[in-house]
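These notes are about the structure you will find just below.
The values are calculated or read from the model by the stated rules, or taken from the named source; none is laboratory data. If you're wondering where the values come from, they're calculated on a predicted model, not measured in any experiment. Because the Cβ atoms are built from the backbone with ideal geometry, glycine has one as well, and the counts that use them run over all protein chains shown.
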Amino acid sequence: MKIKNMLLLAALLLTLPFTVLAADYVIGEGDMLDIAVWGVKELSFPARVRPDGKITVPGLGDVAASGQTPAALQASMTVKLKQLVKNPIVTVAVTGISNSKVYIFGGGVRSGVFELLQRSTLLQLLCTIGEVKTADLKKAYLLRNGKKIKEDFQGLFIGGDTAGDVQLESGDSLFIPLLLDKSVYVLGAVNQPRAIEYREGMTVMEAILESGGFTKFASQNDTQIRRKEGDKEISLPVKAKEIIQSGNMTQNVKLKPGDYVIVKESIF
């Protein structure tokens with residue numbers, strides 16, 4: 001008899017439409033469920049989870065569904081239906097998901113809602129949102145239940161540090177702010193003082209060369225990078241002549257958005 005029941009259950013599952021049966025999926029408001037009680041036509045029906053998190057089951061009334069996995073809801077309904085059916089065989093399948101969403105906001109990329117229809121990571125989501133040139137990935141963070149669980153997406157998305165990838169969960173929020181200053185400014189004794197659009201990995205010599213190189217009056221070893229760090233402004237000295245003459249690449253500092261490269265003139 002036990003084997004027969006198992007075969008009947010398997011046959012029933014094969015007749016169901018496409019379903020989500022992942023053991024760890026958590027049912028939420030708006031999800032579409034397919035409830036089936038083997039051999040009882042009146043207790044086999046589709047149901048959408050209401051905003052109050054419940055579904056209505058004939059003969060039982062309102063049953064809480066939201067917040068449970070399909071397996072947990074199936075187990076609880078099996079117990080409750082024993083009032084109506086002897087040894088009920090119950091299946092619960094999720095046939096439509098509207099609960100699993102990740103929210104993107106902040107202005108650095110287009111705000112929107114990402115439908116979490118399958119297991120997805122932060123990196124996979126970032127790959128779907130398009131251009132990030134205007135996004136400040138270093139100040140971005142992933143918010144879950146009111147807490148930041150991942151900050152600074154630069155290493156992950158630009159640097160390829162996939163060890164820092166995070167599995168997304170329903171209700172997660174991504175804050176990706178706008179990169180307020182996305183230029184590097186080269187001033188002083190260069191041939192074409194200008195603002196250059198920042199790109200990842202840009203160095204001080206690249207910025208100087210894109211500004212026409214040093215003038216004949218430039219004091220190449222008297223170059224400075226002016227940078228804002230929070231509320232403070234710092235100055236980084238650069239001996240550019242050592243880069244050119246001796247190949248001392250430690251002086252070829254990587255720039256950040258908003259940096260000012262100032263090349264002073266020689267007094268001689």
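Some values worked out for this structure:
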{"item": "Unmet criterion (only one of (1) modelled with pLDDT of 85 or more; (2) within 25 Å of L116 (Cα to Cα)) for P17", "result": "(1)"}
{"item": "Qualifying position, being surrounded by fewer than 15 Cβ atoms within 10 Å (Cβ to Cβ) and not assigned by TED's automatic domain parsing to the domain that holds Y141, among M202, M249", "result": "M249"}
{"item": "Residue check, I243 in contact with a strand residue (DSSP E or B) (Cβ under 6 Å, 6 or more places away or on another chain), closer than 30 Å to G155 by Cβ, among the β-branched types (V, I, T) and not assigned by TED's automatic domain parsing to the domain that holds T134", "result": "no"}
{"item": "Meets criteria (at pLDDT 90 or above, β-branched (V, I, T) and farther than 20 Å from L255 by Cα) for V186", "result": "no"}
{"item": "Selected residue [modelled with pLDDT of 90 or more, in contact with a helix residue (DSSP H, G or I) (Cβ under 9 Å, 6 or more places away or on another chain) and of a type outside the set (S, T, Y)] from A64, A47, A72", "result": "A64"}
{"item": "Complete set of residues in the range 238-259 that are under 39 Å from the mean Cα position of the chain (by Cα), among the basic types (K, R) and outside any loop (DSSP other than H, G, I, E, B)", "result": "K254"}
{"item": "Options V85, V79; residue that is more than 20 Å from G30 (Cβ to Cβ), of a type outside the set (G, A, S), outside any strand (DSSP E or B) and modelled with pLDDT under 90", "result": "V85"}
